[in-house]
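Report on the structure given below.
Coordinate-derived values only; no laboratory data. Nothing here was measured: the structure is a model prediction, and the numbers come from that model. Heads up, the Cβs are rebuilt from the backbone with ideal geometry, glycines too, and the neighbour counts pull from every protein chain shown.
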There are 2 protein chains.
Amino acid sequence: MARDERGVTAQSEDFAAWYNEVVFKAGLVDRGPAKGTMVIRPYGYRLWERLQSELDRRIKDTGHENAYFPLLIPESYLSREAEHVEGFSPELAVVTHAGGKELEEPLVVRPTSETIIGEMMAKWIDSHRDLPLLLNQWANVVRWELRPRMFLRTTEFLWQEGHTAHSDEDDARRETMLALDIYHEVARDLAAMPVIPGEKTPGERFAGAVATFTIEGMMRDGRALQAGTSHYMGTNFARAFDIRYTGEAGRDELCHTTSWGMSTRMIGGVVMTHGDDKGLVFPPRLAPHQVVIVPITRGGNVAVEEAAQELARRLREAGVRTHVDARPQLSPGFKYNEWEMRGVPIRLELGPRDLESGTAMMVKRLGDEGKQAVPLDSLPAAMPGILDEFQEFLLARATEFRDSHTRTVDTWAEFADAVSTGWARTLHCGTPACEDDIKSATAATPRCIPLAGDPATGACVRCGAPSAYGKRVLFGRAY
Amino acid sequence: MARDERGVTAQSEDFAAWYNEVVFKAGLVDRGPAKGTMVIRPYGYRLWERLQSELDRRIKDTGHENAYFPLLIPESYLSREAEHVEGFSPELAVVTHAGGKELEEPLVVRPTSETIIGEMMAKWIDSHRDLPLLLNQWANVVRWELRPRMFLRTTEFLWQEGHTAHSDEDDARRETMLALDIYHEVARDLAAMPVIPGEKTPGERFAGAVATFTIEGMMRDGRALQAGTSHYMGTNFARAFDIRYTGEAGRDELCHTTSWGMSTRMIGGVVMTHGDDKGLVFPPRLAPHQVVIVPITRGGNVAVEEAAQELARRLREAGVRTHVDARPQLSPGFKYNEWEMRGVPIRLELGPRDLESGTAMMVKRLGDEGKQAVPLDSLPAAMPGILDEFQEFLLARATEFRDSHTRTVDTWAEFADAVSTGWARTLHCGTPACEDDIKSATAATPRCIPLAGDPATGACVRCGAPSAYGKRVLFGRAY
């Protein structure tokens, strides 16, 4: 195996290079021809489908309905909400010609759909009986990226965007937190990412929001990844798009709206939360293949090949996503390396001698158990438990990594040291100018004000002014 | 119930007006702000999700893998295949500005993805071992429409597009027919549309294809709807995008490619295949709600409301998609009309007297059985069978309608008469000029050369020249 063909740069050597090599070599993505665009290859797309089906089920179970809104939005819509247009203008892709003619009004390719959905909500909502209106959309969006990175920042990405309208602030804020809870659960239980849910500081809010909530995950280089956000818009969009209802008492009222999104960025998060120097490591609940069987059949061995297929059939019957790598032209050793690099949780090796003894050799992608001989008879019944255990192991490992790279700090020296390798919990004055100052000194930004934080007040770690928020803020460098 | 609020124009009076009223009033769609764009509302989107999940399963079961390719394609890609660019140029939407600047090369919003997928196939295919390459994409596409109609012709629509590469013509043609078979099955078994599979005449082929196959359904105004197409591209796209492989003997060869698509247009097809003067009629296997329960609770009746919810719970347990219409402000009569208009296959009415006798009143959306008292105890077990029967009934009804509106004709007078109310099976010379002549005289076009047609030759029904294809051609006016 030539290193330039199959090996990847070590994480410790150059994490960014490791990431960029592994997503291509593992067959997750390819580069699109237009700047910053991405092709999601079948192996990567299956991760997205897994995430999508689990997220979609939770969205529907909580009363939301899917719908679909147009890709192309009149440019003037964006400018109806002042902060929104300011936030998105530099990122827009604009259609100026269509059907062989110049358009009277340019159309933007949606960067997000608050505006067009707001326009429709205004049409559909009449009385308090129409509320809450709980919509979700699965869609592609385009935001022009100057420094694209596969999955993390691409010109086009796939996501779901929830958009809801409510009769009052309480109900809208409950919805905002419900969406955040769903993201927290999906990140933890599916992606084995121990994220921190919290509120963004005013400087980091979504364009047009009253409050933005986030889940923040720690990658293996100590940086943070914002893995999902949920926004309470107050009545800002309702006022801009005239989203009103007649209350029970007959009075005309503005709705309170929310929006929330999770995207293909999550795939980048999974890669950077669990991967190692050998390549990807997928949590079983997301993995395209949970088990790969490599038959060892030097020069062809029909009995072994058939036994491998039979084992796969029984594992699939037990609900395990199983792949048999029967490619005749490649050696077992090559396949072991390849599936390690591609992140398959469990590998089963099956050769003539194993078959004689009624066992297979099992190798987990991580851990120090090495190769274990396991009886073929009981494997299908045992495998779901083995996979669950591996899932738990990944979550515990990521939690331990995060906790050992997060420090509660009260001095600037400690702060600078903490954010050079991970996160700092600290007191901050809350002014944007001080945030900017910290950013230019250390590249760290406030990730969130954790929901679970204890009350704390004191002097700002940077400027010494009285702290804001009544809690510590989590700072880190971020993707 | 005011007619302008709830009633729809009769089909016989003005079919186009009926269609346009019913898709809006039933809550399937709304108009987007940009020309010809469509909002798919939750009730319409659920139909799409049902179709999507059934189609996706069949696509995967036959060995295809889903992937995702960029929305924005460099303009120059389209022009690499001469017929393709000619076919699509007038329909393109073009991004000329992005990130606040004019782009060096404009990007087209994909009207279909042959070109960008061709580019990727060329990168991914190396040897005969990489073939066949069987890809599918679920995506939105944009084709500028001058005369848009909801679902049928919209500037943006949703679809799946399969794209495959093969080592030779036989294998590629097999794939083309496999995709057509999947569409045929989905149309018949899910949408209860008795479509005719056949080949398009050269004048009706997809831009760049060697052969185009179609399934054609008959709408209740006698017009045809092309409900899915499958194309054999020969080596045209392989040559344009350099999609080559090294054969077993070590020779460099061009691939043979296919593409095939089914779209949100199918929803329009379902509406026009089954609807009547009261509104929509949905086949149970596609219907968002298969059963609606209307509790009759004048002034509130807790026992009835609870019994309705309990019945719904038991029906859902039996796998039946059930909705309880518990809106307190509306009368039962209003609800009956509304759910008839919205196409729900089975309505169950449940009042205090029904509850006493342990029955519900069942009303089917179509047929002459009227109201039937059915025992509550046995309803959940019986309902799947009742729904299957209704599904079969719709397919038989649509088949009977189609057959009674299709005639085998040999004279021009018969032809003109047949295509004024339905379809004509006739002999045709196969020249584009004669097709054009028929179209200007009758508005009818060749829908397909049916696969199942018997051998037949003779004089062209229009010009008298010798017939082509060795079979009769199906003509009709089309959407």
Cβ-vector label at 7 Å, A:Thr457, separations to other copies in nm: 9.9
Calculated P(r) of region B:221-286 - Cα pairs past 21 Å, %: 52 percent
Residue-wise HN-Hα coupling along region B:421-436, computed from phi with Karplus coefficients 6.51, -1.76, 1.60 (Hz; x: Gly, Pro): 10, x, 10, 10, 9, 8, 8, 9, 6, x, 8, x, 5, 6, 4, 4
Debye, to nearest 20: dipole size of region A:291-384, +1 on Lys, Arg Cβ, -1 on Asp, Glu Cβ: 280 debye
Largest-first ellipsoid semi-axes for region A:61-116, taking √(5λ) over the Cα gyration tensor eigenvalues, angstrom: 24, 16, 9
Under 5 Å, built H, 5+ apart or other chain: amide partners of A:Gly279: none
Euclidean distance between Cα centres, region A:441-479 to region B:333-386, Å: 61 Å
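I want the local charge near A:Phe15. Using Cβ-Cβ distances under 13 Å, sum +1 for each Lys or Arg and -1 for each Asp or Glu among the other residues.
Details: positive: A:Arg149, A:Arg220, A:Arg223, A:Arg477; negative: A:Glu13, A:Asp14, A:Glu21, A:Asp221, A:Asp276, A:Asp277.
Here the count lands on -2.
Divide the volume of the convex hull of the Cα atoms of the protein assembly as shown by its number of residues and quote the answer in cubic angstrom per residue. Walk me through the numbers on the way to the answer.
On the way: hull volume 187.7 nm³, N = 958.
Each residue corresponds to 196 Å³ of Cα convex hull volume.
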Cα convex hull volume per residue for region A:406-477 (Å³): 71 Å³
³J(HN,Hα), Karplus 6.51/-1.76/1.60, whole Hz, each residue of region B:234-246, x for Gly, Pro: x, 10, 4, 6, 4, 5, 5, 10, 6, 8, 10, 9, 8
Long-range HN-HN contacts of A:Arg447 with modeled amide H, under 5 Å: A:Leu474, A:Phe475, A:Gly476
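Return the Rg/Rh value of region B:122-182, two decimal places, where both radii are evaluated on C-alpha atoms and Rh is the Kirkwood radius. Show your work: numbers first, answer last.
Values: Rg = 15.7 Å, Rh = 14.0 Å.
Here Rg/Rh amounts to 1.13.
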Relative pair counts by distance (%), Cα atoms of region A:227-339, 10 Å bins: 11, 23, 20, 13, 11, 11, 8, 3, 0
Chain B, Rg to Rh (Cα coordinates; Rh as Kirkwood inverse mean 1/r): 1.02
Over region B:291-384: Kirkwood hydrodynamic radius from C-alpha pairwise inverse distances, Å: 13.2 Å
Positive-end residue of B:Gly44, B:Ile438, B:Leu379, charge dipole of chain B with Cβ unit charges: B:Leu379
Rg and Dmax [Cα atoms of region A:345-479; Å; Rg one decimal, Dmax integer]: 23.7, 74
Within region A:97-155: Cβ-based charge dipole about Cα centre, in debye rounded to nearest 20 (Lys, Arg +1; Asp, Glu -1): 420 debye
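Under a Cβ-only charge scheme (Lys and Arg +1, Asp and Glu -1), can you give me the dipole magnitude of chain B about the Cα centre, in debye to the nearest 20?
Numbers: 56 positive and 69 negative charges, 229 e Å.
With only Lys, Arg, Asp and Glu charged at Cβ, the dipole is about 1100 debye.
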Percent antiparallel among DSSP beta bridges (both partners in the protein assembly as shown, rounded to 5): 80 percent
Orientation-averaged projected area, Cα convex hull of region A:15-274 (nm²): 14.6 nm²
Cβ-vector label at 7 Å, B:Gly385, separations to other copies in nm: 4.2
Cα convex hull volume per residue for region B:20-148 (Å³): 157 Å³
For region B:187-192, 3J(HN,Hα) per residue [Karplus equation, 6.51 cos²θ - 1.76 cosθ + 1.60, θ = phi - 60°, Hz, x = Gly/Pro]: 4, 6, 7, 9, 8, 6
7 Å along Cα→Cβ, label-point gaps from A:Arg129 to other copies, nm, shortest first: 6.7
At most 11 other Cβ within 10 Å, DSSP loop - GluC sites (Glu not before Pro), region B:329-397: B:Glu369
Reach of B:Lys101 by Cα under 18 Å, taken over aspartates and glutamates that are not fewer than 8 positions away in the same chain: A:Glu75, A:Glu86, A:Glu91, A:Glu102, A:Glu105, A:Glu145, A:Glu156, B:Glu75
Computed [θ] at 222 nm, deg cm²/dmol, chain B (DSSP H ≥ 4; -39,500 (n - 2.57); rounded to nearest 500): -11000 deg cm²/dmol
Out-of-range pairs (alpha-carbon distance over 18 Å; input B:Lys60/B:Lys200; B:Lys25/B:Lys371; A:Lys60/A:Lys200; A:Lys278/A:Lys364; B:Lys35/B:Lys200): B:Lys60/B:Lys200; B:Lys25/B:Lys371; A:Lys60/A:Lys200; B:Lys35/B:Lys200
Region A:223-275 and region A:87-132: distance between their alpha carbon centers, rounded to Å: 16 Å
